[in-house]
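*Asks:* Just dropping this structure here.
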């Protein structure tokens with residue numbers, strides 16, 4: 001049987017001066033330790049060898065376990081990773097009915113103008129119809145209106161007729 005190199009690698013990982021020292025740790029004779037170097041570590045000693053080197057070279061310990069189709073966890077040398085149960089994400093709520101969304105826009109406009117929703121519906125319908133007819137999207141309308149309502153920078157002169165105009169209410 002060819003050498004697996006685990007005995008010499010473990011001796012190096014543990015910083016031991018001789019194979020006899022590692023042999024004593026495994027409970028084997030010096031001659032048996034020499035055979036392990038030449039021929040490989042028998043499977044019935046690999047778990048103990050992995051346990052000895054785990055704190056010094058976890059990768060080597062894992063390779064020793066893997067050579068026997070095990071892991072450090074299945075050999076009981078480390079705690080297994082906790083099983084994570086992922087709960088499926090809750091389903092998204094259904095979208096609000098289109099009429100409810102439009103009512104929210106109407107109410108926002110009415111509140112912004114200190115008016116009742118019934119008083120602003122006709123104006124909003126006319127504004128949105130015209131915007132659609134001329135190909136203007138809502139984001140562009142919002143950007144232009146926001147800029148028009150922004151207060152002028154301090155020290156700037158206000159041109160007559162552009163700011164401070166009261167809205168005309170008809171009733």
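The values are calculated or read from the model by the stated rules, or taken from the named source; none is laboratory data. All figures in this text were calculated on a predicted structure; none of them were measured in a lab. With ideal geometry, Cβ positions are generated from the backbone for all residues, glycine too; neighbour counts draw on all protein chains shown.
*Asks:* Would you check which residues across segment 42-57 are in contact with a helix residue (DSSP H, G or I) (Cβ under 7 Å, 6 or more places away or on another chain) and assigned to a loop (DSSP other than H, G, I, E, B) and list them?
*Replies:* Across segment 42-57, the qualifying residues are 54, 56, 57.
*Asks:* Within the bounds of segment 97-104, is there any residue that is without any contact (Cβ under 8 Å) to a residue 60 or more places away in the chain, assigned to a helix (DSSP H, G or I), assigned by TED's automatic domain parsing to the domain that holds residue 125 and touching a helix residue (DSSP H, G or I) at 6+ places or on another chain (Cβ under 8 Å)?
*Replies:* Yes: segment 97-104 contains one or more residues that are without any contact (Cβ under 8 Å) to a residue 60 or more places away in the chain, assigned to a helix (DSSP H, G or I), assigned by TED's automatic domain parsing to the domain that holds residue 125 and touching a helix residue (DSSP H, G or I) at 6+ places or on another chain (Cβ under 8 Å).
*Asks:* What do you reckon, is residue 87 in a helix (DSSP H, G or I) and either touching a helix residue (DSSP H, G or I) at 6+ places or on another chain (Cβ under 6 Å) or exposed (fewer than 13 other Cβ atoms within 10 Å of the Cβ) (or both)?
*Replies:* No: the conditions fail for residue 87.
*Asks:* Could you tell me whether segment 58-69 includes any residue that is over 44 Å from the mean Cα position of the chain (by Cα), outside any loop (DSSP other than H, G, I, E, B) and in contact (Cβ under 8 Å) with a residue 12 or more places away in the chain?
*Replies:* No, segment 58-69 has no match at all.
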